[in-house]
Amino acid sequence: MNINDSIKYVGVDDHEIDLFEGQFDVPNGMAYNSYAIIDEKIAIMDSVDAHFGDAWLAKIKSVLNGKNPDYLVVQHMEMDHSANIKRFAETYPDAKIVSSKMAFNLMKNYFGTDFADRQVVVAEGSSLELGKHVLQFIGAPSVHWPEVLFTYDKTDKVLFSADAFGKFGANDYDDPEGWACEARRYYFGIVGKFGANVQAVLKKAAGLEIKTIAPLHGPVLNDNIKYYLDTYNTWSSYGVESEGVCLLYTSVYGNTKEVAEKLAEILKAKGCPKVAISDLAREDTYECVEDAFRYGKLVLATTTYNGGVFPTMREFIDHLTERNYQNRKIAFIENGSWAPMAIKAMTAMFAESKNITICDTKVTVKIAMTADTVAQLEKLADEILQ
């Protein structure tokens, strides 16, 4: 995880955590990244979660070989990165704290002090000279908190990207699926609403020569920078990453599940390259969110419940719309024993979403699948794949 001889990794892995931010399942742990830039002056990039202050400070002491840091650069005030600022300040009383004006306001809320006598307030275009290394600060508001800064090391062409380009999972876990899978779940779960803000900072990054991206979560990225930038551009512009259909259902007694599985079978037979089908009640919610954003076509199949939408489906649609779900084709399937109403309710839930095409073919099932249902599914599949 060391970037080079002068930029050392001092972050930690967390295998004690079960839910990140109290909601995201992280069976492979979480990384809280921090870096030490060692030059004539020494800068530590961000701190770590509250539970790992001892390990973090020990790592700093180890890599500095008796020297003391001159600066702590705080790019993001979320508690998994800011919790040990006060401990750092107490351990190194001569060090300055470098951050945005808003971040110092948040420090006052968190620690009861904004370290007024030690502040170095920076903003878009500010720079900090360490010797050979010159740090240039880039405003990244609402990626995904309003106080966020990126930091660009002009010497080694390293972009310290705060939470951007991060992923779920500890760094000592060798993820067989690579970066994109858990980075996608992380992005759409946490950052997804703020696509316009990500687009704005990507435009700034386009003018930089970037050889390495050093995020606050997940691995240091240096093998194919264009891939990571292009992927983030697709995600943040709500573009289609993969060809295929995301098919999500809820089912009370198994009949709606049977219909959804039949549609998946028909889509595959008609040449659909990928059908990602999931039971919303049993699959991880944010795995389903990432699939809904990954593919350009979405099918939602659910039962009518209390004259509206089955609760799990209703909550899922809320997850999509609050993340600015857009630029997609959506198809609906409803099941209702006597008065099917789910399609009407689901359509209304997407009323404010941008550039959404709702398929004309709407499949209504009254309890069980029939030959007519299958004929309607065939018609719907053709419309989805147009």
Give me the tail of P(r) for region 29-69 as a percent: Cα-Cα pairs with distance above 13 Å.
52
DSSP loop GluC sites (Glu not before Pro) in region 21-118 with at most 13 other Cβ atoms within 10 Å of their Cβ, which ones?
Glu21, Glu40
Going through Lys167/Lys297; Lys297/Lys366; Lys61/Lys108; Lys132/Lys211 one by one, the pairs whose alpha carbons sit over 22 Å apart turn out to be Lys167/Lys297; Lys297/Lys366; Lys61/Lys108
Pseudo-spin-label distance Asn2 to Glu287, built 7 Å along Cα→Cβ, given in nm, is 3.8
Determine, at each q value in 0.10 (inverse angstroms), the log₁₀ of I(q)/I(0) that the Debye formula gives when each Cα of region 12-137 is one equal point scatterer.
-0.32
Residues other than Thr361 with Cβ under 9 Å of its Cβ, Lys/Arg counted +1 and Asp/Glu -1, net out at -1
Relative contact order [Cα under 8 Å, 6+ residues apart], region 267-386, whole percent:
24
What does the convex hull of the Cα atoms of region 279-386 come to per residue, in Å³, rounded to a whole number?
99
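If each residue of separation counts as 0.36 nm, what is the full-extension length gain between Asn68 and Ala196 once their alpha-carbon separation is subtracted?
Here the answer is 42.1 nm.
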Relative to the Cα centre, what is the charge dipole magnitude of the chain, using +1 at the beta carbon of each Lys and Arg, -1 at the beta carbon of each Asp and Glu, and rounding to the nearest 20 debye?
960
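On alpha-carbon atoms, Rg over Rh for region 74-142 using Kirkwood Rh?
Values: Rg = 12.1 Å, Rh = 12.7 Å.
Rounded to two decimals, Rg over Rh is 0.96.
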Summarise the accessible area of the chain (1.4 Å probe, protein heavy atoms) by the percent that is carbon and sulfur.
47
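Find the Rg to Rh ratio for the chain, where Rh is the Kirkwood radius over alpha-carbon pairs and Rg uses the same atoms. Present the calculation step by step, with values, prior to reporting the outcome.
Details: Rg = 24.1 Å, Rh = 22.6 Å.
Answer for the chain: 1.06.
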Pick out, from Leu216, Ala183, Ser237, the residue whose Cα sits farthest towards the positive end of the charge dipole of region 159-240, with +1 on the Cβ of Lys and Arg and -1 on the Cβ of Asp and Glu.
Ser237
What is the magnitude of the charge dipole of region 1-152 about its Cα centre, with +1 placed on the Cβ of each Lys and Arg, -1 on the Cβ of each Asp and Glu, and no other charges, expressed in debye to the nearest 20?
580
If you average 1/r across every pair of different Cα atoms in region 1-85 and take the reciprocal, what Kirkwood value do you get, in Å?
13.3
Cβ-defined net charge surrounding Ala31, 9 Å radius [Lys, Arg +1; Asp, Glu -1]:
-2
Calculated FRET value between Asp156 and Ala371, using beta carbons and R₀ = 56 Å, to 0.05
0.25
What is the Cα coordinate range of region 341-386 on the first, second and third principal axes, sorted by size from largest, in whole angstrom?
35, 26, 10
Everything considered on the Cα gyration tensor (a ≥ b ≥ c; rounded for a/c under 1.5, else prolate if a/b is larger than b/c, else oblate), region 262-340 must be described as oblate
Where does each of Glu209, Glu378 land when they are ordered by accessible area, with a 1.4 Å probe and the largest first?
Glu209, Glu378
So what is log10(I(q)/I(0)) for region 119-276 at q = 0.11, 0.17 1/Å, when the Debye sum runs over its Cα atoms only?
-0.56, -1.03
Charge dipole (debye, nearest 20) of region 87-235; +1 at Cβ of Lys and Arg, -1 at Cβ of Asp and Glu:
440
Residues with amide H under 5 Å of Ser126's amide H, sequence separation 5 or more or different chain, H placed in the peptide plane at 1.01 Å from N; which?
Phe137
When the Cα centres of region 327-364 and region 65-81 are compared, how far apart do they sit, in Å?
49
Percent of C-alpha pairs per 10 Å bin, region 71-111, short to long:
30, 64, 7
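The values are calculated or read from the model by the stated rules, or taken from the named source; none is laboratory data. Just so we're clear, the structure is a prediction, and the values are computed from it rather than from any experiment. Heads up, the Cβs are rebuilt from the backbone with ideal geometry, glycines too, and the neighbour counts pull from every protein chain shown. Ligands, DNA and RNA are stripped out before the accessible areas are found, and what is left, the full protein with its side chains, is counted by its heavy atoms. Shrake-Rupley method; radii C 1.70, N 1.55, O 1.52, S 1.80 Å.
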